Structure formats: C-alpha cells, structure tokens
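Notes follow once the structure below has been shown.
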2 protein chains.
Amino acid sequence: LTTAQALADIARRHSLTYFRTNLNVMTKSDDSPVTIADRETEAAMRQWLQRMHPTHGILGEEHGRERMDAEYVWVLDPIDGTKSFITGSPLWGTLIALLRDGKPVLGLMDIPVLDERWVGQLGKDALWNGRPVHAGRRQVLADASIYTTSPDAYGAQDWQLFDALSKQCALRRFGGDCYAYGQLAAGHVDLVVEAGLQPYDFMALVCLVEGASGCMTDWQGDALTVASDGRVVASANHALHAQALSVLSGA
Amino acid sequence: LTTAQALADIARRHSLTYFRTNLNVMTKSDDSPVTIADRETEAAMRQWLQRMHPTHGILGEEHGRERMDAEYVWVLDPIDGTKSFITGSPLWGTLIALLRDGKPVLGLMDIPVLDERWVGQLGKDALWNGRPVHAGRRQVLADASIYTTSPDAYGAQDWQLFDALSKQCALRRFGGDCYAYGQLAAGHVDLVVEAGLQPYDFMALVCLVEGASGCMTDWQGDALTVASDGRVVASANHALHAQALSVLSGA
C-alpha cells in the first residue's frame, strides 16, 4: 500500500501539470488517443518502481510489459479516461494494481482533480480517502442504475447484450471511465458494464469493488486476469451480479 | 448578476445537503427522474426571487411557469444532470438564466461539488470562477472533439444526424450534462450537441458559450428561445458552427 500510495503521488504531480493545457494528442495503433502526459506519467512511475522493487514485474498502458513471471506484478494506467483528460473533464484517474501470482491483491484509484483516493486490499474494507465504503443493497435489476462509458467500445453483438440488460434497469448513464466503479463502491451506482477494456483498465478496480462487498468478473462470471477478454461487469452485490451475468452471458 | 449569484448560493446550500444521501427517486410524467432535492432547491430559489423581484417571471423545471409576459424572466434548473446527481457523480449543476423580452442576457452555471461558477453576460467575457475563458480555435470537424450526454435522448432520425456529424470529428464522448458547455467555453471541447432538451436545460448556457466567443443555436441555426424544439448545438467558433449546422440541418 505504501508503494501504491507513493506511485499515485508521483503520477499526480506529472498528470496535473498537463491537465487543461491544450496538449498535442497522438493516436495509438488501436486508435485510442494518447498524450505526452500519459507517457511521461507512466515513465516516472516505472522508474521509481524499478528502483524500489527491481524484482517486481510491470504491465503498463504506455510502455509495455516486463518480468511478467515475477511473483509480484504492478499493473499501471497513468491516465484512465484519456478522452476525459484531453477534453478538460475532471473524471479521469490513475489506476494502480498489484498482482500476486496473477491475482489482484491491491488496487488504488486516484482522482487528482477531485483529490479522491480509493483503495481496495484483498480481505479488507474498501476505502475512499481513508473512510470505509460499501456498495448498495438494491437486489433487483428494475431498481438498479447502470453505467457504461461509451457504446463505441462495443461490437454489435456485445451491444445487444448490454442494451438488453440496461433496459431492464431503472436508469442507464454513459460516461464515467474508472470513476463509475468508485460510485459503485460507495453505493451510488449498482452496475458498471464495459467491453473492449485492457488489463490496466480494470485490474486496479477488482479489489476496490470486492472490498466494498461488490462483485467484479468477466461476462461469463470468471475471475479477471491479464488474459481476460476485456468484457467486464461489476455489481453492487451477488444477487444483482447473478442477474446481470444471466443476460450478458447470452444464456 | 448579484441576484443570480445569490440564487446559486441558495441552491448550493440545498442541493449539497442531499448529494450522496441515497435519495428516494420519483419519476416524472416525461420519465425523467426527480428527487426531493430538485424540488426543494427550486422552491427555495423561487421563494427568494419572488420576495426580491415580485414583478419578474419564472420558468422552473420543477414548479412551472409564472408571469411569462414580464420584461424579465428567470429560467431555473435547480439540478441539471439529475441522473448524475442520484448516482453520485460530481458533474451536475444549477442553471440560472435571465431573459429580457425573451432573449437571454445572463447565464450562470454553478457546479457545487467542484466549487466552480461559470458566468456569461451579454456583451461581456464569459467567466470561470471570475477569470475570463475563451473557446477553442480548431476550425475543422476532423480536429474537433464532440460531446453529447446520451444517445437515449435522441429519436432515430436525429441520432443519424448526430452520428454522421460526430463520425467526422476527431473524438466523441458521452456524458457531460451542463458541464460539457463549460469545457467548451474554456477551450477543451469543440462541439456539444443535444436533443430533447427543455428551455431550463439550455437557456443559461447561451450567454456563457457566446461570451467565450462560441456559438449556440438550434439545429437550424436559429436563436434559442423558450419555444425552441430542444435540439441544441454549441460550437467553439463560427467556422465549426457552420459545418455542424450543415450536417445537423439535414441539408
């Protein structure tokens, strides 16, 4: 946790320097935007990590993978919500996960503009700025609120499944990126569903959601790993999760 | 401006009391959610306004219209982004417009959670927390970022027009509500397009956008009034606005 906090502090200093400064935006091979802010922030995080924990592995959004067979591997997204970042929205964050033997044991989501730090650790209460948070107790889809970032992340078939699920819910809303998982962990949102994610987009959120008594798996109900297919569902509780999976798995 | 500021102060006190408190959510006749926070906040604003300016008219989201034939009419949305509000997202705001003979002469957008106040006055620079802001200078759609709150607000034909426009842009993003117009006024977003809005959703934003050198009209390029059809487009500059209108008007 001390390491994760230090990484988040380093990231904040770099990312905030560039926020709302009319950055040049480049396009990556997968068509997602990237800025010098993403690259420089992750480079600073990696440099510090390599000095402090040279035997640990690293999987980062901008600068790739190293020592993935290590017992401990850090999964880093310097700026989750790059589209938010480059359009001046405050709802972007730094995501830091620690995997032990491939399984997430710690997750930190830092929201610099809002000065919010969300922490999950295996077997402990999730924390928002040091205070325990708990996911909601609504247990039926008809009462639930559901978030997804953008329909543009879905293939046609996946969109049909999301659409079918969300139309059974009380309220659906778009936009959110990582922050939506915080809203879920704090009991304000009941479901977050995404497709097309990468491991650095979701690994830090697993311990956060589960530490708040929520559930987070892929659309088949399997535990999330770095090899998952990028389709993710987080629910406030087991009852909701089972209902969401029965729609999303296409059963 | 003093009146608008006082109204925003009153609204903040009421709305923040209810934020993240697991409110009961009711559904209005148009299927949009409403809470006691919306109703109580607007009631407090109206009560003060009626005492201070008994001859002025009021059009509010929750409690209707009165004295609409007055020279001065206030247009109030106590909580724009009710879905954000009830799901714990910080991007909701209070919108206050003053119309003189039907035309907007002042607009204020208050974002309580972020402690941001955006002000536009006819013929003056738009202000963000007292500091002048200016919209961006990107003049071609291929470089532009575009926001809309949700595809769910569009009819099928309107969605086709929005989709055609946004696919010519560099980046499109969902979610935002009123805050997206602030991002535009400060130069971070180039286009905001919405359908299905009510006068209290957009009237306060006209002077803000135009005071930042942007343009804001309906999809035909006509000035926005309380009788507009709820299809709204805001652009960072005239060159972009002309290109957006040529797509949205279906020409």
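Read the figures in this text as sums done on the coordinates, not as results from a lab. What you are looking at is a predicted structure, and each value in this text was computed from that prediction instead of being measured. For neighbour counting, all protein chains shown are included, and Cβ atoms are generated from backbone atoms with ideal geometry for every residue, glycine included.
Observations
- Net dipole in debye of the protein assembly as shown [+1 Lys, Arg Cβ; -1 Asp, Glu Cβ; about Cα centre; nearest 20]: 880
- Taken about its Cα centre, segment B:135-251 carries a charge dipole of about 380 debye when Lys and Arg each add +1 at the Cβ and Asp and Glu each add -1 at the Cβ.
- If you wrap the Cα atoms of chain A in a convex hull and average its projected area over all directions, you get 12.2 nm².
- Axis between A and B by rotation; chain A residue with nearest Cβ and distance in whole Å recorded as A:G175, 1.
- Exam field: B:K124 pseudo-label spacings to other copies (7 Å along Cα-Cβ), nanometres: 5.1
- 5 angstrom amide H check on A:R20, placed H, neighbours 5+ away: A:G88
- For segment B:128-231, applying the loop criterion from DSSP together with a ceiling of 14 other beta carbons within 10 Å to the trypsin sites (Lys or Arg not before Pro) yields B:R137, B:K167.
- Spatially close lysines, pair count over the protein assembly as shown: Cα under 23 Å, gap of eight or more or interchain: 9
- The reciprocal of the average 1/r between distinct C-alpha atoms defines the Kirkwood hydrodynamic radius, which for segment B:93-160 equals 14.9 Å.
- Charge context of B:G175, other residues only, Cβ under 10 angstrom, K/R +1, D/E -1: +1
- Rg then Dmax, both in Å and based on the Cα atoms of the protein assembly as shown: 22.6, 74.
- Average other protein chain Cβ within 10 Å of Cβ, residues B:13-22: 1
- Inter-label distance, A:D229 to A:W159: 1.8 nm, where each label sits 7 Å from its Cα along the C-beta direction.
- Note on B:107-117: average number of Cβ atoms from other chains within 10 Å of each residue's Cβ is 1.
- Euclidean distance of C-alpha centroids, segment A:211-247 and segment B:211-251, integer Å: 42
- Between A:R137 and A:L16, the distance separating the two model label sites (each 7 Å from Cα on the Cα→Cβ line) works out to 3.7 nm.
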